[in-house]
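A.B. asks: To start, I am sharing the structure in question, which I have written as structure tokens.
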Amino acid sequence: MKLHIRLLAFALSVFYYSLVGASPRIFPTGVTLYNPAKAYNSYILFAGPDDITHLIDMNGNNVKQWPYSGQPSEILDPKVTGGKLGHIVLQLENGKGAFSNKVFGELDWDGNVVWQWGKNAPDGEAQQHHDWYRLENGNTLILAHIKSTLFGYNNITDDVIYEVTPEGSIVWKWVSVEHLNEFGLSPEGITYLKKRVEQSKINERPLDYLHINDMHLVGENKWFKAGDTRFNPENIVFDSRNANFIAIIEKKTGKIVWRIGPNFPDTKIITQKIDKNAPRKVDQISGQHDAHIIAEGLPGAGNLIVFDNQGSAGYPPVEIRATSRVLEINPTTQEVIWEYKGSLSGNSDRSFFSSYISSARRLPNGNTLINEGMNGRFFQVTPSGEIVWEYVNPYLGKTKAGEQKTFNNTVYRAQPVPYEWVPQDTPHSEIAVEEIDVTKFKVPVK
């Protein structure tokens, strides 16, 4: 099949990093590289800034779409749907804020609503943001916003986790501000946070002080089987983007029983090559996303994987550099045992950067699917750093930058979806795509 390259004009203000750090008006979208023999072949699901959720195949064909966005949109594992294929959870009704979905719910493959939550939520809106998780008992963990009091200010944007039954009843609840003293903030950090609260009072703008951006069940793992109860499969792992830490909540007590960050032994970003036989302690992470324990059955099972954005964050703000990375961490020793940076693929480290959103998922063949969300770029990388599949999101939306609306193709999270999770008559293509020589790729002149 001839590679079809769609050329799209972007506004100059689109923040898209190329290999030389420029922001081009024109660049190829869709699948730009694909090696079927080395890639893990599946569907990929994502919600685009066009407010549509797309299911694509490895050649970028849009095999299914839903007229809803999501934070995130994800297709459910059939083991939690009674074997039903193609069920998806996404945003059914927008809230007032960018991170506050009013109603979200589950659709079957034909688009019928089979479950929803929002109108029966506290104050009549789900206020769900950034994540949710379907449990095997049929309940759903929901990350949501509420208003809390912090340092005497009663208009703080706080994070709450609910466990909700299929009937909509809340059977478990965790509120972050109640555990402030468990997050490891230094005296200097508390002082800085108080200043931020004071500023929010003056500006009359609620402070999203933690900005929890992901939440997963710990799941079955080797650490718990070896007797480490911190990694009880029913516990919950989450990360705070604004406070630079990742933590595990003990489900029975609500207490934080494991944490990495916010303060690290070295504030300088270590650039040494990671050797599998010579792990090192984790250095400063900042503005991270999608922290979770790699599931049993996958290479690296039991380790923590996280997209370390190196976006501006921290109480007080930490030193960063404009290069992102994906870290695989042994959670018991808190050592990095694998790392992806741009240089691992033969490019400059600055060629890989997303200061916000983004995700990373380990695949069954040992590859990792990385979503460089700020740029709408997904790619699959081998453990040695070879890129064997790459896709640039062509579905555009507009966001307001100051007084002007600008085009963007950002993607919050990309989900690899096994072929067997959706109806088996769903088409898919696996035709190799050779990398283009960019020195010879020119826009035709009439």
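The values are calculated or read from the model by the stated rules, or taken from the named source; none is laboratory data. Small disclaimer: the values here were computed from a predicted structure and weren't measured. Reconstructed Cβ throughout: ideal geometry from the backbone, glycine too, with neighbour counts over all protein chains shown.
A.B. asks: Across segment 164-190, what is the total count of residues that are farther than 19 Å from SER148 by Cα and either without any contact (Cβ under 8 Å) to a residue 24 or more places away in the chain or not in a helix (DSSP H, G or I) (or both)?
C.D. replies: Of segment 164-190, the ones farther than 19 Å from SER148 by Cα are 164-169, 171, 184, 186-189.
Going one step further and asking which of them are either without any contact (Cβ under 8 Å) to a residue 24 or more places away in the chain or not in a helix (DSSP H, G or I) (or both), we end up with 164-169, 171, 184, 186-187.
Number satisfying all stated conditions: 10.
A.B. asks: Starting from residues that are within 21 Å of the chain's Cα centre (by Cα) and not in a strand (DSSP E or B), keep the ones in segment 235-251 and report whichever is surrounded by the most Cβ atoms within 10 Å (Cβ to Cβ).
C.D. replies: ASN244
A.B. asks: Would you point out the residue of segment 280-308, among those that are more than 19 Å from THR368 (Cα to Cα) and surrounded by 14 or more Cβ atoms within 10 Å (Cβ to Cβ), that is farthest from the chain's Cα centre (by Cα)? Give the derivation first.
C.D. replies: As a first pass, look at segment 280-308 and keep what is more than 19 Å from THR368 (Cα to Cα): 280-287.
From what's left, surrounded by 14 or more Cβ atoms within 10 Å (Cβ to Cβ): 280, 282-287.
Working: ARG280: 24, VAL282: 20, ASP283: 20, GLN284: 19, ILE285: 15, SER286: 14, GLY287: 11 Å.
Among those that are more than 19 Å from THR368 (Cα to Cα) and surrounded by 14 or more Cβ atoms within 10 Å (Cβ to Cβ), it is ARG280.
A.B. asks: So which residues in segment 191-211 are under 15 Å from PHE245 (Cβ atoms), of a type outside the set (A, V, I, L, M) and not in a helix (DSSP H, G or I)? Explain how you work it out, then say what you get.
C.D. replies: Filtering segment 191-211 down to residues under 15 Å from PHE245 (Cβ atoms) leaves 192-193, 209-211.
Now narrow it down to the ones that are of a type outside the set (A, V, I, L, M): 192, 209, 211.
Passing the criteria: TYR209, HIS211.
A.B. asks: Within segment 293-308, how many residues are at negative phi and either part of a loop (DSSP other than H, G, I, E, B) or touching a Ser or Thr at 6+ places or on another chain (Cβ under 8 Å) (or both)? Lay out the reasoning, then the answer.
C.D. replies: Residues of segment 293-308 that are at negative phi, as a first pass: 293-296, 298-299, 301, 303-308.
Next, from what is left, pick out any that are either part of a loop (DSSP other than H, G, I, E, B) or touching a Ser or Thr at 6+ places or on another chain (Cβ under 8 Å) (or both): 294-296, 298-299, 301, 303, 305, 307-308.
So the answer is 10.
A.B. asks: Let me ask something else about it. Being over 23 Å from GLU204 (Cβ atoms), at pLDDT 95 or above and surrounded by fewer than 20 Cβ atoms within 10 Å (Cβ to Cβ) is the requirement here; does TRP132 meet it?
C.D. replies: Numbers: over 23 Å from GLU204 (Cβ atoms): yes; at pLDDT 95 or above: yes; surrounded by fewer than 20 Cβ atoms within 10 Å (Cβ to Cβ): no.
No.
A.B. asks: Search segment 24-39 for residues that are of a type in the set (S, T, N, Q) and pair each with any residue that is modelled with pLDDT under 90 when their beta-carbon atoms are under 9 Å apart and the residues are at least 6 apart or on different chains.
C.D. replies: Here the result reads THR29/ILE5; THR29/ARG6; THR29/LEU7; THR29/LEU8; THR32/LEU3; THR32/ILE5, each pair linking segment 24-39 to a residue that is modelled with pLDDT under 90.
A.B. asks: Same structure again: Only one of (1) in contact with a Phe, Trp or Tyr (Cβ under 8 Å, 6 or more places away or on another chain); (2) small (Gly, Ala, Ser); (3) in contact (Cβ under 8 Å) with a residue 40 or more places away in the chain fails for GLY138. Which number is that?
C.D. replies: Every condition holds for GLY138 apart from (1).
A.B. asks: Suppose we filter segment 353-399 for residues that are farther than 24 Å from GLY302 by Cα, surrounded by fewer than 21 Cβ atoms within 10 Å (Cβ to Cβ) and among the polar types (S, T, N, Q); how many remain?
C.D. replies: Of the residues in segment 353-399, 2 are farther than 24 Å from GLY302 by Cα, surrounded by fewer than 21 Cβ atoms within 10 Å (Cβ to Cβ) and among the polar types (S, T, N, Q).
A.B. asks: Here's another thing I want to ask about it. Is there a residue being assigned to a strand (DSSP E or B) and buried (at least 19 other Cβ atoms within 10 Å of the Cβ) anywhere in segment 309-322? Even if it seems obvious, please write down each step before you answer.
C.D. replies: As a first pass, look at segment 309-322 and keep what is assigned to a strand (DSSP E or B): none.
For segment 309-322, residues assigned to a strand (DSSP E or B) and buried (at least 19 other Cβ atoms within 10 Å of the Cβ): absent.
A.B. asks: Then there is this: Out of GLU390, GLU430, I need the residue that is in a loop (DSSP other than H, G, I, E, B) and under 16 Å from LEU33 (Cβ atoms). Which one? Break it down stepwise before answering.
C.D. replies: Numbers: GLU390 fails: in a loop (DSSP other than H, G, I, E, B).
The unique qualifying residue is GLU430.
A.B. asks: Need the failing condition index for GLY111 against (1) part of a strand (DSSP E or B); (2) modelled with pLDDT of 95 or more; (3) more than 26 Å from ASN235 (Cβ to Cβ), just the number.
C.D. replies: Evaluating GLY111 over (1) part of a strand (DSSP E or B); (2) modelled with pLDDT of 95 or more; (3) more than 26 Å from ASN235 (Cβ to Cβ) leaves (1) as the failure.
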